[in-house]
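Below is one structure, written out as structure tokens; comments come after it.
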């Protein structure tokens with residue numbers, strides 16, 4: 001799938017020319033505070049873009065990696081991914097902080113969820129984040145995922161904390177649950 005569209009967004013494959021927009025969020029500590037990578041150097045961002053292009057073009061595709069672009073301005077504002085393993089998928093996203101709180105994350109994540117269940121016929125899709133990453137887990141809740149668990153001290157600590165470990169939450173949805181949600 002080359003691209004997905006929502007009301008306000010285009011989810012498309014990354015391109016070499018995306019460096020400036022990607023690096024603007026990937027190199028910013030505030031944007032990556034809950035990521036297990038970053039902040040990126042210029043080299044890290046170039047490597048990410050090359051790797052994303054390669055993964056997106058692999059057949060069969062197991063990593064649907066998209067740049068998130070505003071339809072009206074064509075501004076790249078973040079990225080999202082649906083990784084596939086067997087009949088299960090894993091969602092992830094990041095957005096430039098200038099675009100937080102506007103529903104773009106929810107819109108992109110819902111598009112990936114619908115794509116995973118509706119087009120790829122996945123059985124289960126999950127997502128996880130640090131327990132104190134309220135923005136990310138609220139997206140999971142808004143798209144109908146249910147909280148499956150809280151995992152204490154299972155990850156490295158978020159950046160800028162003095163904690164030794166980080167806690168994570170996991171959300172998931174089964175295709176049959178998604179189908180019930182779409183009937184209403």
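Brief remarks follow.
Let's see how each residue does on (1) closer than 26 Å to residue 134 by Cα; (2) at pLDDT 95 or above; (3) in contact with a helix residue (DSSP H, G or I) (Cβ under 9 Å, 6 or more places away or on another chain):
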| site | (1), (2), (3) |
| --- | --- |
| 1 | no, no, yes |
| 10 | yes, yes, no |
| 19 | no, yes, yes |
| 27 | yes, yes, yes |
| 48 | yes, yes, yes |
| 51 | no, yes, no |
| 67 | yes, yes, yes |
| 74 | no, yes, no |
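Condition check ((1) within 28 Å of residue 58 (Cα to Cα); (2) touching a helix residue (DSSP H, G or I) at 6+ places or on another chain (Cβ under 9 Å); (3) at pLDDT 95 or above) across all residues:
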site: 82; (1), (2), (3): yes, yes, yes
site: 93; (1), (2), (3): yes, yes, yes
site: 110; (1), (2), (3): yes, yes, yes
site: 114; (1), (2), (3): yes, yes, yes
site: 121; (1), (2), (3): yes, yes, yes
site: 140; (1), (2), (3): yes, yes, yes
site: 149; (1), (2), (3): no, no, yes
site: 181; (1), (2), (3): no, no, no
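- When residue 38 is tested against (1) crowded, with 17+ Cβ neighbours inside 10 Å; (2) touching a residue at least 12 places away in the same chain (Cβ under 8 Å); (3) at negative phi, exactly one condition is not met: (3).
The values are calculated or read from the model by the stated rules, or taken from the named source; none is laboratory data. Please read these numbers as outputs of a predicted model, since none were measured by experiment. Every residue, glycine as well, gets a Cβ built from its backbone with ideal geometry; the counts of neighbours run over all protein chains shown.
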